1. Name the residues in region 32-51 that are farther than 17 Å from Leu153 by Cα and among the acidic types (Asp, Glu), would you?
2. Are there any helices (runs of 4 or more DSSP H) wholly within region 1-83 with 3 or more residues that are buried (at least 22 other Cβ atoms within 10 Å of the Cβ), modelled with pLDDT of 95 or more and assigned by TED's automatic domain parsing to the domain that holds Glu97, and if so which?
3. Return the total of residues in region 94-124 being touching a residue at least 12 places away in the same chain (Cβ under 8 Å), in a loop (DSSP other than H, G, I, E, B) and among the basic types (Lys, Arg).
4. Which residues, counting only those in region 90-130, are surrounded by fewer than 20 Cβ atoms within 10 Å (Cβ to Cβ), over 14 Å from Ile151 (Cβ atoms) and basic (Lys, Arg)?
Amino acid sequence: MSRIDIPSHDEAALSSLQPLFHSVSKRFGFVPDIYRILSISPHSLAGVIEMQAALSQTLDVRTRERIALTVSDVNRCHYCISGHYYLGRHFVKLIPEEMALNRRGRSLDPKAEAAVDFARKVAMLRGKVKETDLNYVRAAGYSDAQIVEIIALCAHFSLTNLLANVFDLQPDFPKMTDGTGA
């Protein structure tokens, strides 16, 4: 049970934040609880949505979802793991084996593995990575701008992980039938 009163779907639909909720609903097919909690602070909701919009222009969507899975795993956020499995499977078309690897900072794709390995280290070490970690991700073909984007994605996913963990959110994304849900 959540540790906060989550605004109902009807309250969310009637709020002044309707345009923001519309964009969220368009992306997911519904308004997940994390966004309804964020709506308690309209500035926080707007900031998260603006950050998502900006970061959606970085890297490719598959890499972003892979990073979401590894950061959410580091932060032990079952709510976000569930959501990113759903997005990864249904919208990004990642296979279950890939997503299981991503949670551990691994990938079937060598370049993607460099990104998720680096993201995992950033999250686990709170940014205190080694020079060899930077060299590894650069050698895989990531520019310094892309490395900054990986770090920004880590920060973004950590924020939503913190919200979900503090308020003990239970997954509200459709359950996966192939056993990949968290």
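The values are calculated or read from the model by the stated rules, or taken from the named source; none is laboratory data. None of the values given here were measured: they were computed from a predicted structure. Glycine also receives a Cβ, built like all others from the backbone with ideal geometry; neighbour counts cover every protein chain displayed.
1. Within region 32-51, Asp33 is the sole residue that qualifies.
2. Working: elements: 9-14, 18-28, 33-38, 42-55, 61-74.
Passing ranges, in order: 61-74.
3. Summing the residues that are touching a residue at least 12 places away in the same chain (Cβ under 8 Å), in a loop (DSSP other than H, G, I, E, B) and among the basic types (Lys, Arg) in region 94-124 gives 1.
4. Once the filter is applied, which keeps residues that are surrounded by fewer than 20 Cβ atoms within 10 Å (Cβ to Cβ), over 14 Å from Ile151 (Cβ atoms) and basic (Lys, Arg), region 90-130 yields Lys93, Arg104, Arg106, Lys111, Lys130.
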